[in-house]
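Undergrad: Quick one: structure below, then a few questions.
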Amino acid sequence: MTMDEIFAYIIIFLVLTLFSFMLLPKRNRKPQKQTSAKLPPGSMGWPYIGQTLQLYSQDPNVFFSTKKKRYGEIFKTNILGCPCVMLASPEAARFVLVTQAHLFKPTYPKSKELLIGPCALFFHQGEYHMRLRKLVQRSLSLDALRNLVPDIEALAISAMKSWGDGRVINTFKEMKRFSFEVGTLAVFGNLEPRLREELKKNYWIVDTGYNSFPTRIPGTQYKNALSARKRLGMILREIICERKEKKLLERSDLLSCLLNWKGEEGEVLTDDQIADNIIGVLFAAQDTTASVMTWMVKYLHDEPKLLESVKVEQKAIHKSNEGNLPLSWSQTRNMPITYKVVLESLRMASIISFPFREAVADVEYKGFLIPKGWKAMPLFRNIHHNPEFFPDPQKFNPSRFEVAPKPNTFMPFGSGVHACPGNELAKLETLIMIHHLVTNFRWEVVGSQCGIQYGPFPLPLNGLPARYWREPTS
């Protein structure tokens, strides 16, 4: 979404909500129970819309650091109509995500929940969440990923077939296509081409609606996304039905894990539960991983000496494979320089600025109150860019990861029971893609090399357009 679209949607949203705000009785946001704790300092901004404009019209680093400097590490605000308490310390992140996680449920805006599906595991906590999380973790375990290396590598090679000859490529779009293919591989294994294309076509329409203004007016992105979401459900039910009819249930992919699950009393997951969780995994696996890979391409382009070190490491692996043998699992686990570049890219880019959590009861933390129903948002971005934990935080320096970060200071995949279960898959596909990129291509960024866009994940401006040339085969 462009910045102009964001402003347009916010203005429409503000006008509509101001009318409804004047017609409805005032809501008392104060907690019902008497407590000595008080709300954190901060500003709630405009009625209902809060400080959404300030956050989405500038670098989030500036927004958050300004607030932290003025109010401290705990402050209140209002984003997208939600009263929030933002927390910018590792201890606070651990409090919300780990030690007191039962007091904070994961939450998304209702518009996103409708597109993904209400049964997706990251909308829940408790027994249902733990049950689904174990199934997802089983399908994405290291043993399962070991068997996926050849297929992921084949997808990376296929994705780069059209690169080269100095053609300008939108790096993010290409990485997004690759991530989607890897996601469908992990979910379905080898899927029939017709179904894969139908799945892809409708998922892209849903994807465009995730961050659009949530109106059901015909012809709008969000309305089109809702229609595509219904078609996705039908496609997934067809795939599920085919698996059951052909008794193809002994595979190790996520769909088979979901189909095979039985509870202690013999209960099974419904087709809707399976479909929602599959779409949730595809949603979680795509934009974030594609964003990190895009940033890696940019960081390596901007650091020629570092790029050369990565090339030396990867070309040694390429040579040991005689230039045509596939990567092995052990080789992907032994790329120390490249792996540190991955970690530093995750820190610098901080694709997820904060997770959404909602207090299920009045919660007190360090003398401040987080009222029931308010969002509690640990600020990963602030923690990752805090010079106390990462000296000279704006400098891209992978060597900082030669020593493990202090606990709770590096959380690119979240923390606690709701941490991303696909983090190892994301790192694996990134390492494989970078291996083939640096051993087969050189590239040059086109246009502005310093701009950043937010929609909502931070990306190099315009998705990092770049010219790619294929290196001559030695």
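Undergrad: Going by the conditions given, is Ile317 assigned to a helix (DSSP H, G or I) and either under 18 Å from Thr439 (Cβ atoms) or touching a His at 6+ places or on another chain (Cβ under 6 Å) (or both)?
TA: Criteria met by Ile317.
Undergrad: While we're on this one: Which residues, counting only those in the range 93-108, are in contact with a helix residue (DSSP H, G or I) (Cβ under 6 Å, 6 or more places away or on another chain) and surrounded by 18 or more Cβ atoms within 10 Å (Cβ to Cβ)?
TA: Correct list: Leu97, Ala101, Phe104, Pro106.
Undergrad: Among the residues of the range 404-421, is there at least one that is within 22 Å of Asp302 (Cα to Cα) and without any contact (Cβ under 8 Å) to a residue 60 or more places away in the chain?
TA: Scanning the range 404-421, I find no residue that is within 22 Å of Asp302 (Cα to Cα) and without any contact (Cβ under 8 Å) to a residue 60 or more places away in the chain, so the answer is no.
Undergrad: If you check Ala285 against the conditions, is it part of a helix (DSSP H, G or I) and open to solvent by 10 Å² or more (accessible area, probe 1.4 Å)? Walk me through it before giving the result.
TA: Details: part of a helix (DSSP H, G or I): yes; open to solvent by 10 Å² or more (accessible area, probe 1.4 Å): yes.
Judged against the criteria, Ala285 is a match.
Undergrad: Of all the residues that make up the range 398-408, how many are in contact with a Phe, Trp or Tyr (Cβ under 7 Å, 6 or more places away or on another chain) and crowded, with 18+ Cβ neighbours inside 10 Å?
TA: Number satisfying all stated conditions: 1.
Undergrad: Within the range 46-67, count every residue that is over 21 Å from Ile383 (Cα atoms), open to solvent by 40 Å² or more (accessible area, probe 1.4 Å) and in a loop (DSSP other than H, G, I, E, B).
TA: Looking only at that region, the number is 3.
Undergrad: Another question, if that's okay. Hey, Asn397 hits all of (1) closer than 22 Å to Thr332 by Cα; (2) in contact with a strand residue (DSSP E or B) (Cβ under 6 Å, 6 or more places away or on another chain) but one; which does it fall short on?
TA: Here Asn397 meets the rest and fails (2).
Undergrad: Follow-up. Out of the residues in the range 263-280 that are open to solvent by 30 Å² or more (accessible area, probe 1.4 Å) and assigned to a helix (DSSP H, G or I), which is farthest from His124 (Cα to Cα)?
TA: So the first thing to find is which residues in the range 263-280 are open to solvent by 30 Å² or more (accessible area, probe 1.4 Å), and the list is 264-268, 270-273.
Restricting the remaining residues to those that are assigned to a helix (DSSP H, G or I) gives 271-273.
Numbers: Asp271: 18, Asp272: 15, Gln273: 12 Å.
Here the answer is Asp271.
Undergrad: Next question, about the same structure. So which residues in the range 410-430 are more than 18 Å from Phe356 (Cα to Cα) and in contact with a Phe, Trp or Tyr (Cβ under 7 Å, 6 or more places away or on another chain), if there are any at all?
TA: Asn423
Undergrad: Just one of Asn202, Asn260 is within 22 Å of Gly422 (Cβ to Cβ), surrounded by fewer than 16 Cβ atoms within 10 Å (Cβ to Cβ) and either of a type outside the set (Asp, Glu) or touching a strand residue (DSSP E or B) at 6+ places or on another chain (Cβ under 8 Å) (or both); which is it?
TA: Numbers: Asn202 fails: surrounded by fewer than 16 Cβ atoms within 10 Å (Cβ to Cβ).
Only one candidate qualifies: Asn260.
Undergrad: A further question follows. For the range 308-321, give me each residue that is open to solvent by 40 Å² or more (accessible area, probe 1.4 Å) and either within 12 Å of the chain's Cα centre (by Cα) or closer than 17 Å to Arg442 by Cβ (or both). Walk me through how you get there before you give the answer.
TA: Pass one, the range 308-321, residues open to solvent by 40 Å² or more (accessible area, probe 1.4 Å): 308-309, 312, 315-316, 318-320.
Hits for the range 308-321 are Glu308, Ser309, Val312, Lys315, His318.
Undergrad: If Leu236 satisfies every condition in (1) within 21 Å of Arg131 (Cβ to Cβ); (2) at pLDDT below 90 but one, which is the exception?
TA: (2)
Undergrad: Further question on the same structure: Considering only residues that are more than 18 Å from Ala88 (Cβ to Cβ) and of a type in the set (Val, Ile, Thr), which ones fall in the range 43-76?
TA: Result: Ile49, Thr52.
Undergrad: Another question, then. Does Met411 meet the test of being aliphatic (A, V, I, L, M), surrounded by 19 or more Cβ atoms within 10 Å (Cβ to Cβ) and in a loop (DSSP other than H, G, I, E, B)?
TA: Yes; evaluated as a whole, the condition is true for this residue.
Undergrad: Now for a separate question. Looking only at residues that are among the charged types (D, E, K, R) and open to solvent by less than 40 Å² (accessible area, probe 1.4 Å) in the range 205-238, which one is farthest from Gly81 (Cα to Cα)?
TA: Arg229
Undergrad: For residues in the range 118-147 being outside any helix (DSSP H, G or I) and modelled with pLDDT of 85 or more, which is nearest to Arg216 (Cα to Cα)?
TA: Leu140
Undergrad: Ok, one more. Residue under question is Pro150, and the condition is that it be touching a residue at least 12 places away in the same chain (Cβ under 8 Å) and either surrounded by fewer than 16 Cβ atoms within 10 Å (Cβ to Cβ) or part of a helix (DSSP H, G or I) (or both); does it hold?
TA: When the stated conditions are applied, Pro150 passes them.
Undergrad: Can you tell me which of Lys305, Lys298 is over 26 Å from the mean Cα position of the chain (by Cα) and within 27 Å of Phe172 (Cβ to Cβ)? If you could, list the steps in order and put the result at the bottom.
TA: Numbers: Lys298 fails: over 26 Å from the mean Cα position of the chain (by Cα).
Result: Lys305 is the single residue among Lys305, Lys298 that is over 26 Å from the mean Cα position of the chain (by Cα) and within 27 Å of Phe172 (Cβ to Cβ).
Undergrad: Being assigned to a helix (DSSP H, G or I) and either farther than 30 Å from Ala359 by Cβ or in contact with a Leu (Cβ under 9 Å, 6 or more places away or on another chain) (or both) is true for just one of Ser158, Ser111. Which residue is that?
TA: Criteria check complete, one pass: Ser158.
Undergrad: Somewhere in the range 449-461, is a residue open to solvent by less than 10 Å² (accessible area, probe 1.4 Å), within 26 Å of Thr184 (Cα to Cα) and out of contact with any Gly (no Cβ under 8 Å at 6 or more places or on another chain)?
TA: Yes, there is a match, as at least one residue in the range 449-461 is open to solvent by less than 10 Å² (accessible area, probe 1.4 Å), within 26 Å of Thr184 (Cα to Cα) and out of contact with any Gly (no Cβ under 8 Å at 6 or more places or on another chain).
Undergrad: Okay, moving on. Would you say Pro90 is over 22 Å from Thr184 (Cβ atoms), open to solvent by less than 50 Å² (accessible area, probe 1.4 Å) and either over 21 Å from the mean Cα position of the chain (by Cα) or not basic (Lys, Arg) (or both)? Break it down stepwise before answering.
TA: Numbers: over 22 Å from Thr184 (Cβ atoms): yes; open to solvent by less than 50 Å² (accessible area, probe 1.4 Å): yes; either over 21 Å from the mean Cα position of the chain (by Cα) or not basic (Lys, Arg) (or both): yes.
Taking the combined requirement at face value, the residue satisfies it.
Undergrad: Just give me the residues in the range 189-231 being among the polar types (S, T, N, Q) and either assigned to a helix (DSSP H, G or I) or farther than 11 Å from Leu115 by Cβ (or both), in sequence order.
TA: Selection gives Asn190, Asn202, Thr208, Thr215, Thr220, Gln221, Asn224, Ser227.
The values are calculated or read from the model by the stated rules, or taken from the named source; none is laboratory data. Model, not experiment: these values are computed from the prediction. Reconstructed Cβ throughout: ideal geometry from the backbone, glycine too, with neighbour counts over all protein chains shown. Surface areas here come from the heavy atoms of the whole protein model, side chains and all, with no ligands, DNA or RNA. Shrake-Rupley method; radii C 1.70, N 1.55, O 1.52, S 1.80 Å.
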